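One structure below.
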Amino acid sequence: MLLAAAGLDYITSYDISLAALYLFAILTVSWNRGIIWGLIFVVLSLGCQIVMGLEQGHPYSKVSYFYQSQANLFFEYCVAVFLTSQLRSLFERERQTARIDLLTGVKNRQGFHEVLESEISRHLRNGASFCLAYVDCDNFKSVNDRFGHGEGDRLLEAVGHVTAASVRRSDTVGRLGGDEFAILFPETNQAEALAIEVKLREALETITRPRPWWAVTFSIGIATFKSMPASADAAMGYVDQLMYRAKRSGKAHTISAVFDDAAIAAEGAGVVALRRIPESKGSA
C-alpha cells in the first residue's frame, strides 16, 4: 500500500493530496504490527512526500512553509499511530477478558475451547501427546442448597484458584460451567498427568478439609491423546465420559485412559467404546 501511494504520488501533481492514502498504509501496519512499525512507516511516508515535493514542486511560496506543512503532517501521523496502538491494546484486553471466567479467574468455556483447538492443531504438526483432565465437584449442589449460592461461589472461586496454582505454567485451566473444570496438559504423558493429579487432589483437600460445610469431593477423568481427536468437542466428549465413569465408581475417584488408534476405530456416532481402551484407576 505504501508503494502504491508513492507511485500515485509520483504520477500526479501536487494539486492532488495523497496524504490519506499514506495514512491508510500507516494505520494498517500500526494495527497489525504495533507502534514501532507504525512509526517506521510514518518516516517512510514522510520521506516519500518530501522527496516528491522537492523534485516535482509544491504549492508553497517558501520551502520553509513546505517543511512546516510536512512537520504538521508528521505530528498527525504520529497521533494516528498512537491512537491505533491504544485501540488495539484495548481490543486485545477485551478479547482476553471475554474468555475469562470472572468468578474464578481461569478460562471460560469459550476460551478453553479455543486453546484446546490450537493445541490439537499444534500436536498434529509435532506428533507429541497431550493430556486432558475433566474435574467435577461432587455434592456441590448440597453446598448451594444448605448454605446458599454465595457460599457455593466462594467454593468455586477457591477451587479455580487452587487448581490454577497446582498445575504447571504451560498448562491451561478452564471452568466449563457450574462446578465443572478442565485442565489441558501440553506435551504430557499419562504418568506425568497422574502425578499432577495427585498434587492437585492434595491441594484441594487443604481447602475443603478445614471447612466442614464444604463437604465435597472431586471426580476426575484424565485422557491421554497419543492420536489426535477430530476436534476439541470430540476430545471433551471423550474425557467427559471418563469423568462420569469416575462418578459412577463412587465419586472421589480418578479414571485415566489412553485415546489411541484403537479408540478412534471404536468411535461411532460420537460415542467412544471405552471398553477397548486400557485404563488405570485411582482414588483420592
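The values are calculated or read from the model by the stated rules, or taken from the named source; none is laboratory data. Everything quoted here is computed from the prediction, not taken from an experiment. Neighbour counts are summed over all protein chains in view; Cβ atoms, including those assigned to glycine, are modelled from backbone coordinates with ideal geometry. Calculation scope for accessible area: heavy atoms of the full protein, side chains included, ligands and nucleic acids excluded. Shrake-Rupley method; radii C 1.70, N 1.55, O 1.52, S 1.80 Å.
For the residues I11, I183, a 1.4 Å probe over the protein chains yields an accessible-area ranking, largest first, of I11, I183. Shape analysis of the chain yields a ratio of the Cα radius of gyration to the Kirkwood radius, Rg/Rh, of 1.25. Sorting K62, K141 by accessible area puts them as K141, K62; the probe is 1.4 Å, largest comes first, and only protein heavy atoms count.
Once the Cα atoms are used to define both axes, helix 190-208 deviates from the longest principal axis of the chain by about 80 degrees. Taken along the Cα-to-beta-carbon direction at a fixed 7 Å, the label points for E114 and K199 span 2.8 nm.
Nearest 500 deg cm²/dmol is fine: what mean residue ellipticity at 222 nm does the chain get from its DSSP H runs of n ≥ 4 alone, each adding -39,500 (n - 2.57), divided by its residue count? Don't skip to the answer; put the middle values down first.
Details: 10 runs with 167 residues, N = 284.
That calculation yields -19500 deg cm²/dmol at 222 nm.
Across region 107-124, rounded Karplus estimates of 3J(HN,Hα) from the backbone phi angles (6.51 cos²θ - 1.76 cosθ + 1.60, θ = phi - 60°) give 4, 8, 4, 5, x, 5, 4, 5, 5, 5, 4, 5, 5, 4, 5, 5, 6, 5 Hz, Gly and Pro being marked x. Close amide-amide hydrogen proximity is noted between I100 and N108, each under 5 Å apart and 5 or more residues distant or on a separate chain (H modeled in the peptide plane; Pro and chain starts excluded). Sequentially through region 161-175, phi angles give Karplus couplings (6.51, -1.76, 1.60; θ = phi - 60°) of 5, 5, 4, 5, 7, 8, 9, 7, 5, 7, 7, 10, 10, x, 9 Hz, Gly and Pro residues having no value and appearing as x. Scalar couplings 3J(HN,Hα) for region 133-143, obtained by applying the Karplus form with A = 6.51, B = -1.76, C = 1.60 to θ = phi - 60°, are 10, 10, 10, 10, 8, 5, 6, 5, 4, 5, 5 Hz; x denotes Gly and Pro. Protein heavy-atom surface of region 50-142, 1.4 angstrom probe: 59% of the accessible area is carbon and sulfur, with nucleic acids and ligands not counted. Taking amide H as placed 1.01 Å from N in the peptide plane, the amide H of T217 sits under 5 Å from that of D138, each at least 5 places away or on another chain.
Over the chain, give the accessible area per residue in Å² for a 1.4 Å probe, as an integer. Present the calculation step by step, with values, prior to reporting the outcome.
On the way: 14880 Å² over 284 residues.
Per residue, the chain has 52 Å² of solvent-accessible surface.
The spacing between region 218-237 and region 1-31, judged by their C-alpha centroids, is 51 Å.
Taking 23 Å as the straight-line reach from the Cα of K251, the lysines in range (excluding those fewer than 8 positions away in the same chain) are K141, K199, K281.
For region 35-178, the relative contact order is 27 percent, taking Cα pairs closer than 8 Å that sit 6 or more residues apart in sequence and dividing their mean separation by the residue count. Using only the alpha-carbon atoms, how far is helix 232-248 inclined from the longest principal axis of the chain? Give it as 0 to 90 degrees, nearest 10. So the inclination is approximately 20 degrees.
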